1. Out of these labelled values of Rg and Dmax of the Cα atoms in Å, [x] 16.2, 65; [y] 21.9, 84; [z] 16.8, 72, which was calculated from the coordinates shown here?
2. Relative contact order, percent, of region 1-82 when contacts are C-alpha pairs under 8 Å separated by at least 6 residues?
3. What is the distance in Å between the Cα centroid of region 34-49 and that of region 73-131?
4. May I ask you to derive the relative contact order of the chain, considering only C-alpha pairs under 8 Å and at least 6 residues apart, and to give it as an integer percent?
5. Which value at 222 nm does the chain reach when only helices count, each DSSP H run of 4 or more adding -39,500 (n - 2.57), with the total divided by all residues and rounded to the nearest 500 deg cm²/dmol?
6. Taking the Cα centre of region 6-165 as origin and charging only Cβ (+1 Lys, Arg; -1 Asp, Glu), how large is the dipole, in debye to the nearest 20?
7. Rounded to two decimals, what is the ratio between the C-alpha radius of gyration of region 1-91 and 2.2 N^0.38 Å?
8. Roughly speaking, what is the stretch gain from residue 153 to residue 78, that is 0.36 nm per residue apart minus the C-alpha to C-alpha distance, in nm to one decimal?
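FYI, it's all coordinate maths here, none of it is from the lab. This is a predicted model, so every value here is computed, not measured. Every residue, glycine among them, receives a Cβ derived from its backbone with ideal geometry; neighbour counts consider all protein chains shown.
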Amino acid sequence: MGDYTSARLLYRASRDSFSGAVYHRLGSVPNTVTIIKSDKNYVFGGFTSIALNKSSGYYKDPTAYMFSLRRNGTSNNVQLRSGGTSNDPSGQYALYIYSSYGAYFGYNDLYVSDQSFSSSSSTSNLCYTYDCPVGCTYGSTCAQSYLAGSYSSWYTDEIEVFQMLSPVTTTVQPG
């Protein structure tokens, strides 16, 4: 993800709306981390260097990754890189943008639906674009439940998006 020293909160769903359209109105801000807390006590998300307000479609991002911080209430610090899988070796599906969807990483590795706090349409199925966690294979129960606790039928309690900020460099002029 680079040498970022701080972050700026851009979006909090409980404050700004769980609307996919609002999620994508963050402007042309690069280097964002989306953090999601599911109703099953899982915390997970992803990083992309691509601004979330681009035109609809898939985007390749060699710096993108997904992560799991907590699974079923237990700390879990795992990072999953994009590309390199047999399904998507070049990582061409790292990020999908569509104005009425929420976060969408990979080719269905993670899809967060519009109004995800009340809609169970969100899905998770790792290993197509993003690395498989140890012991998982694409389409397995492990891959489908790893991030959110199940393939579908989960809700979001919170979604936050932070812009990662590079360190400020100062130049000292000779006196």
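1. Computing Rg and Dmax of the Cα atoms in Å and matching it to [x] 16.2, 65; [y] 21.9, 84; [z] 16.8, 72 gives [x].
2. It comes to 23 percent, rounded to a whole number.
3. For region 34-49 versus region 73-131, the Cα centre distance is 10 Å.
4. It rounds to 28 percent for the chain.
5. So the helix-based figure for the chain works out to -1000 deg cm²/dmol.
6. For this selection, approximately 220 debye.
7. Rg over 2.2 N^0.38 Å, computed on Cα atoms: 1.16.
8. 24.7 nm
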